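Let me begin by presenting the structure, written as structure tokens, before commenting on it.
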Amino acid sequence: MQPTNRQTYLDWLRIAAIFGVLLFHSARPFMVDDPWHVNNATQSNVLTEFAFWLSRFRMHLLFFISGTVSWFMVSKKSARGFMWLRFQRLFIPLLVGMLLIVPPQIYMERLNQGFKGNFWHFYPSIFEMRPYPHGNTSWHHLWFIAYLLVFDLLLTPFFGWAVSPKAKGFVEKLKFFARGKNVYLLMLPSAIWFSLTVLKYPMTGDLVHDYCFFVYWMLFLVAGFICMLQPALMDSLERNRRFSLGMALVMLGFINYLRWNNVGLSTWVPDWDQHWYLYPYLARQPLNSWFWVFALIGYGKKYLNRKVKVMDYINQAIYPFYVLHQTVIVIIAWYVVKTNDTIGMKYGFIVITALCISMGIYHVFIKPFALTRYLFGMRPLEKKVQAPVSEKPVPQPSLQVVPELVVS
């Protein structure tokens, strides 16, 4: 079995991805043509473009890194132990989130829609089990945790086999993808699936009917797992990082040229949905996302594999922070959008305040207590072992060692 020492660059990238989620959700009230839980009276094209860029890779990167985390976990535990750990770390926070964290978001939205009661009048409605948006039962931003839980449970047999001696030949064959630019072949399954299904099955986030994106997200997680399973793949991503970044920028430029100029396939071909080149055209989006993920992993491996003292604290905080952050944003934004300040001031205030409040809740109410740590998917508190207080030693008479009796 390969060594399972944590690689710091993956932690940095996960932190960056979660911070990107904070920036993205803080921009949602100001995005053009994007009805959200809370919306500002005026929108910002600049924040819309910034959020669009973040949306190219933020969740894709999180699923990829989650695949690497699954490798670390299953390498240290049995398949059964891995499943139990994922249940504790994912299902419990998801349930807590749906019962306690998400309802205030829905309540704020219902207030905007004319609901007159207070939160306690609203709260019992979440137990009617009518799915959002028609009802008030939802996992909202915690859809990521729900999908990740299902993915890990479904893939446990493969994960367990892949890290066992039985898969030695399979792991060796994965080196094929580390040669030259073969690593980019890992993009093809999800790009093909996305192109064939996205028009018929757009993203729902409800897990059950999300036929396109369920497979699409899972393939990012699988890619992260096998890139840790065969370290030569990670080395290939580091070696090809400039190519990945270059292609990501070129494709983003092409995508934005079409968006900004209101140009689509129908501009050139009226019956565009009847031709084979519809599928390569649709593939531009997933391919762009893959290039961004590969570029970030490659540059992260090259430059971010350094640990600082605060890293352990941030690593513990990042998961509870993710669970908390969107609710904090929605509550703050509900009041902020009513002010007459500029969009820039409102956005900056939401980002900074949501960051501080979420971290404050974590530090004061979650981190110190065993119960809240468990409910938010954290590891148990480490028990501090106190050295026993030794009595004052009694002087002993010195003994002379007789050289002849010393056994070497």
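The values are calculated or read from the model by the stated rules, or taken from the named source; none is laboratory data. Bear in mind that the values here come from a model prediction, so they are computed numbers and not experimental data. Cβ atoms come from the backbone with ideal geometry, glycine included; neighbour counts cover every protein chain shown. Remember, those area values only see protein heavy atoms, side chains included, never the ligands or the DNA or RNA. Shrake-Rupley method; radii C 1.70, N 1.55, O 1.52, S 1.80 Å.
Structural remarks
- Area accessible to solvent at R239, 1.4 Å probe radius, in Å²: 130
- Cα-based helix-to-principal-axis angle, 103-112 vs the chain, degrees rounded to 10: 20
- R0 of 41 Å, Cβ-Cβ distance F176-L100: FRET efficiency to nearest 0.05: 0.30
- Note on the stretch 63-110: along the principal axes its Cα atoms extend 45, 21, 9 Å, ordered by decreasing extent.
- Cα principal axis extents for the stretch 74-227, largest first, Å: 63, 38, 21
- Each principal axis of the chain carries a Cα extent, and these read 102, 58, 39 Å when sorted largest first.
- Computed log10 I(q)/I(0) for the stretch 10-115 at 0.19 Å⁻¹: -1.08, from the Debye equation with unit scatterers placed on every C-alpha and solvent omitted.
- Spread over its residues, the convex hull of the C-alpha atoms of the stretch 57-165 is 111 Å³ per residue.
- Per residue, the chain exposes 54 Å² of accessible surface when a 1.4 Å probe is rolled over the protein heavy atoms with every protein chain present.
- Degrees separating the helix 343-361 axis from the principal Cα axis of the chain, which is the longest one: 30
- Helix 188-197 axis, angle to the chain major axis (alpha carbon atoms, nearest 10°): 30
- Within the accessible surface of the chain, defined with a 1.4 Å probe on protein heavy atoms only, the carbon and sulfur portion equals 66 percent.
- The share of C-alpha pairs in the stretch 243-388 whose separation exceeds 21 Å stands at 69 percent.
- The packing ranking of peptides 343-354, 122-133, highest mean first, is 343-354, 122-133, where packing means the average number of other beta carbon atoms within 10 angstrom of each residue.
- FRET efficiency estimate (nearest 0.05) - Cβ-Cβ, L196 to W120, R0 51 angstrom: 0.60
- Above-threshold pairs, the threshold being 32 Å between Cα atoms, out of K200/K338; K166/K309; K77/K301; K200/K301; K166/K301: K200/K338; K166/K309; K200/K301
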